[in-house]
Amino acid sequence: MSGNGPWGPVRPRMSRQRTQLIYLVGFMGSGKTTTGRRLADELHWPFVDLDQTIEAGQGLSIRQIFEQLGEPLFRELEHAALTEASKSEPGVIALGGGTFVQPANMDFIRERGGTTVWLDCPFEELLRRSEGIETRPLFRDAASFRHLLEQRIPFYRLAHFRVSSGSQAPQQVVEQILRLDLF
């Protein structure tokens, strides 16, 4: 069923039944980890933070992986972690900021049949949340931050749902997600 939701066109559902996997999509600082943990608790489902999974597997921070091994290898590790995390359901998976931008990952998620929820947050709030964090490999300055966000927004818009995560408390964001027609 398609139509217009509060944020624009709603993507048609796949004909087969959706899996019980919720993928949280969004830019760095949008609240994917915080929201994901709370959402998983509410649903009594496991939670996976893809970046934390990669860091644990490599024994390096995401920034160190980017610096020492390069972004192409990081993207391979990210796809492998996504594939592994998606094997068990139900589950809530917080994707890295660039995960949904990679065609192989987007295709995998679509084929897997999970539901994607974009945590949309205004630039100023994203910047405020991300400025002091040293582990963000692609955060350099406000101008490059804005440019990267603008590059990724068209991909984030492809998510099944869009939820505002800027001015609301994490629990309010979770409540918005729980009111969606997820399955």
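Determine if the stretch 83-96 includes at least one residue that is part of a helix (DSSP H, G or I), modelled with pLDDT under 95 and not basic (Lys, Arg). Break it down stepwise before answering.
From the stretch 83-96, those part of a helix (DSSP H, G or I) are 83-85; that's our starting set.
So of that shortlist, the ones also modelled with pLDDT under 95 come out as none.
No, the conditions are met nowhere in the stretch 83-96.
Among what's in the stretch 48-67 and is in contact with a helix residue (DSSP H, G or I) (Cβ under 9 Å, 6 or more places away or on another chain) and aliphatic (A, V, I, L, M), pick the residue that is surrounded by the most Cβ atoms within 10 Å (Cβ to Cβ).
If we filter the stretch 48-67 for residues that are in contact with a helix residue (DSSP H, G or I) (Cβ under 9 Å, 6 or more places away or on another chain), which is where we start, we get 48-55, 57-58, 60-62, 64-66.
Going one step further and asking which of them are aliphatic (A, V, I, L, M), we end up with 48, 50, 54, 60, 62, 65.
Working: Val48: 22, Leu50: 25, Ile54: 20, Leu60: 16, Ile62: 23, Ile65: 21.
So, considering only residues that are in contact with a helix residue (DSSP H, G or I) (Cβ under 9 Å, 6 or more places away or on another chain) and aliphatic (A, V, I, L, M), the one surrounded by the most Cβ atoms within 10 Å (Cβ to Cβ) is Leu50.
Just for the stretch 1-44: of the residues that are modelled with pLDDT of 90 or more and basic (Lys, Arg), which one is nearest to Val163 (Cα to Cα)?
Top of the filtered list is Lys32.
Among the residues that make up the stretch 137-151, is at least one of them modelled with pLDDT under 95 and of a type in the set (Ser, Thr, Tyr)?
Yes, that holds for at least one residue.
Looking at this structure, is Glu78 more than 21 Å from Met106 (Cβ to Cβ), surrounded by 14 or more Cβ atoms within 10 Å (Cβ to Cβ) and touching a Ser or Thr at 6+ places or on another chain (Cβ under 7 Å)?
Numbers: more than 21 Å from Met106 (Cβ to Cβ): no; surrounded by 14 or more Cβ atoms within 10 Å (Cβ to Cβ): yes; touching a Ser or Thr at 6+ places or on another chain (Cβ under 7 Å): yes.
Against the criterion (more than 21 Å from Met106 (Cβ to Cβ), surrounded by 14 or more Cβ atoms within 10 Å (Cβ to Cβ) and touching a Ser or Thr at 6+ places or on another chain (Cβ under 7 Å)), Glu78 does not qualify.
The values are calculated or read from the model by the stated rules, or taken from the named source; none is laboratory data. Keep in mind the model is a prediction, meaning the values are calculated, not measured. Using ideal geometry, Cβ is built from the backbone for each residue, glycine included, and neighbour counts are taken over all protein chains shown.
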